[in-house]
Amino acid sequence: MISYIKGTVAFKGNDYIVIENHGIGYQIKVPSRVLDSMESGENVMLHTYLYVREDVLALFGFSSMQELDTFQILLGISGIGPKAALSVLSTMTVEDLYYAVFSEDAKSIAKTPGIGPKGAKRMIIELKDKLNLEDLESVSMKEETGASLQAGDGDSISDTVQALTALGYSNGEAYRAVRGVSDADTMDAEQLLKEALKIILTFS
């Protein structure tokens, strides 16, 4: 099993990069955000997953163990293969996926190419039993905002999320916007809503 690869980016394709290590070029399929973040000639390290089937041998790479773990969890969902799992992680960050699942935001997941509304709802049902929101928050949310954004962590945060959803935004978009506000846990609901709206208007 290849756990990770360190080397130099020799080439970038549409959905993969080639990393050269000791004269060997490894073709590795990666999420689009990983692809976009790397430049030819750059020294990089990717956590990898080797997908093996009778007629398929493919290497997938990720920028973090959390992303790799999520990819493997997605492979355990009925109807989700490596191409679809990679597409999910190209469309959403790991954090956005977790919050979409726990807020039952099928709309955000359904934006993934090849995952329709029915597929998104099925994913939410299956992923709720496989994902641990507390683990995600302890690893990444506190690093990103300095505060946990679970609904019970503060009236201003939960009130802001509710206000944003009342304005027509999805739960996933609302959580994502609030997470992007610095010092969110120190603001009252009115201040937080103003700042979150500034962020949410930048979403494509």
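Could you list GLU190, GLU20 in order of exposure, starting from the residue whose Cβ has the fewest other Cβ atoms within 10 Å?
With the fewest neighbours first, GLU190, GLU20 line up as GLU190, GLU20.
For LYS194 and GLU20 in one chain, what is 0.36 nm times their gap in residues minus the Cα-Cα distance, to one decimal in nm?
57.9 nm
Share of antiparallel DSSP beta bridges in the chain, in percent to the nearest 5?
Looking only at bridges with both residues in the chain, the antiparallel portion is about 90 percent.
Tell me the mean residue ellipticity at 222 nm calculated for the chain from its helices only (DSSP H runs of n ≥ 4, each -39500 (n - 2.57), averaged over every residue, nearest 500).
Helix-only estimate at 222 nm: -12500 deg cm²/dmol.
Hey, got the dipole for the chain? About the Cα centre, +1 on K and R Cβ, -1 on D and E Cβ, debye to the nearest 20?
Magnitude of the dipole: close to 900 debye.
For the pair SER3/GLU39, report the inter-label distance in nm, with labels modelled 7 Å from Cα in the Cβ direction.
Taking the simple label geometry, SER3 and GLU39 are separated by 3.1 nm.
If N is the number of residues in the stretch 51-112, what value comes out of its Cα radius of gyration divided by 2.2 N^0.38 Å?
Here the answer is 1.14, to two decimals.
Values in this text are rule-based calculations from the coordinates and carry no lab data. Just so you know, these numbers come straight off a predicted model, no measurement behind them. Don't worry about glycine lacking a Cβ; one is built from the backbone with ideal geometry, like all the others, and counts go over all protein chains shown.
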